[in-house]
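The values are calculated or read from the model by the stated rules, or taken from the named source; none is laboratory data. Note that the structure is predicted; figures quoted are calculated from it, not measured. So basically every Cβ, Gly included, is an ideal-geometry build from the backbone, and we count neighbours across all protein chains shown. For accessibility, only protein heavy atoms count, side chains too; no ligands or nucleic acids. Shrake-Rupley method; radii C 1.70, N 1.55, O 1.52, S 1.80 Å.
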Amino acid sequence: MIYNDGFYLLEKIPAVLRARGFRLYLSNGKRLVDLWLNGGAAVLGHTPPNLLRELKNTASRGLYAPYPHFTKDRFLKALSKLFPDRSFRLYAAPPPELTALNNSAEVKLWRPFSEAQDTQILILVLPGIQSWRNGLPMGLCITAVYDEKLLSQLPPDDVLSPVLLAAAVRGVHDIIAAPERTKIKFPRVMKILKQSNWQRQGIYLTLKKETTLEEWETLFHKFLEAGFLLPPSPAYPLILPGELSDGEEAKLASALN
């Protein structure tokens, strides 16, 4: 099923004034635990110190414009540590060729701390600066290609801003250095999941059966009232945060039930 990625549900929440860790602070004074985490691009939280430092240092050198820069080589080297047998294409936005391939079984989305898939093309979600269009990441769209014949079907790399690339390099290294992120520490949530409509794969939760946009909107409001932000579309998994207070864990377990 293809879902609308218009993200209209995000308009249901007040303006976000700031994001800290796994929580969002709203203009009405309330706080939400973020279970969307930008589709996985904020899987380490919204304020990972190493990534913020890289952004600040690169931006302070005036490197906003998409000029050729050695950071690209650093990024490709970092990606090779995650996917040693693949080649890569880097885009500011998904090209039409990739969008077309995305409708085939040859392309899968890979999110941090999920198992590498035996698929010809992986579209990578990484900590850093990414947004979304039609289910594909923008800002920095990274493809990891196993088959060289498929690689030839894709256009050459875009020239990207070193600010984007510096954040992405740091994001890859932070993923590699943070295996503890996959350790689940929420016993009440884990207990509820055994008897709920949700299924778990690591830190990601999805519903056991397909749901309509109308049903998802009902769930979105239910979680919102409990203090949690769900993904704006059922096409995205719910992501367990890196931390919860006892009260937040109890409310999340209740919402999942």
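List of remarks:
- Of all the criteria given as (1) assigned to a loop (DSSP other than H, G, I, E, B); (2) among the acidic types (Asp, Glu); (3) in contact with a helix residue (DSSP H, G or I) (Cβ under 8 Å, 6 or more places away or on another chain), the one not satisfied by ASP85 is (3).
- Hey, ARG188 surrounded by 13 or more Cβ atoms within 10 Å (Cβ to Cβ), charged (D, E, K, R) and either under 30 Å from ASN50 (Cβ atoms) or touching a Cys at 6+ places or on another chain (Cβ under 7 Å) (or both) or not: no
- For the stretch 58-71, a residue qualifies if it is assigned to a helix (DSSP H, G or I) and either within 21 Å of the chain's Cα centre (by Cα) or exposed (fewer than 12 other Cβ atoms within 10 Å of the Cβ) (or both), and exactly one does: SER60.
- Taking residues in the stretch 212-240 that are hydrophobic (A, V, I, L, M, F, W, C), and partners anywhere that are open to solvent by 10 Å² or more (accessible area, probe 1.4 Å) and assigned to a helix (DSSP H, G or I), the pairs with Cβ atoms closer than 6 Å and at least 6 places apart or on different chains are ALA226/LYS251.
The rows are residues; the columns are (1) surrounded by fewer than 17 Cβ atoms within 10 Å (Cβ to Cβ); (2) part of a loop (DSSP other than H, G, I, E, B).
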{"site": "ARG200", "(1), (2)": "no, no"}
{"site": "TYR236", "(1), (2)": "no, yes"}
{"site": "LYS251", "(1), (2)": "no, no"}
{"site": "SER254", "(1), (2)": "yes, no"}
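A quick yes/no check of all residues on (1) open to solvent by less than 30 Å² (accessible area, probe 1.4 Å); (2) modelled with pLDDT of 80 or more; (3) farther than 30 Å from LEU17 by Cβ:
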site: LEU51; (1), (2), (3): yes, no, no
site: ARG74; (1), (2), (3): no, yes, yes
site: LEU82; (1), (2), (3): no, yes, yes
site: PRO94; (1), (2), (3): yes, yes, yes
site: GLN117; (1), (2), (3): no, no, yes
site: ASN134; (1), (2), (3): no, no, no
site: SER152; (1), (2), (3): no, yes, yes
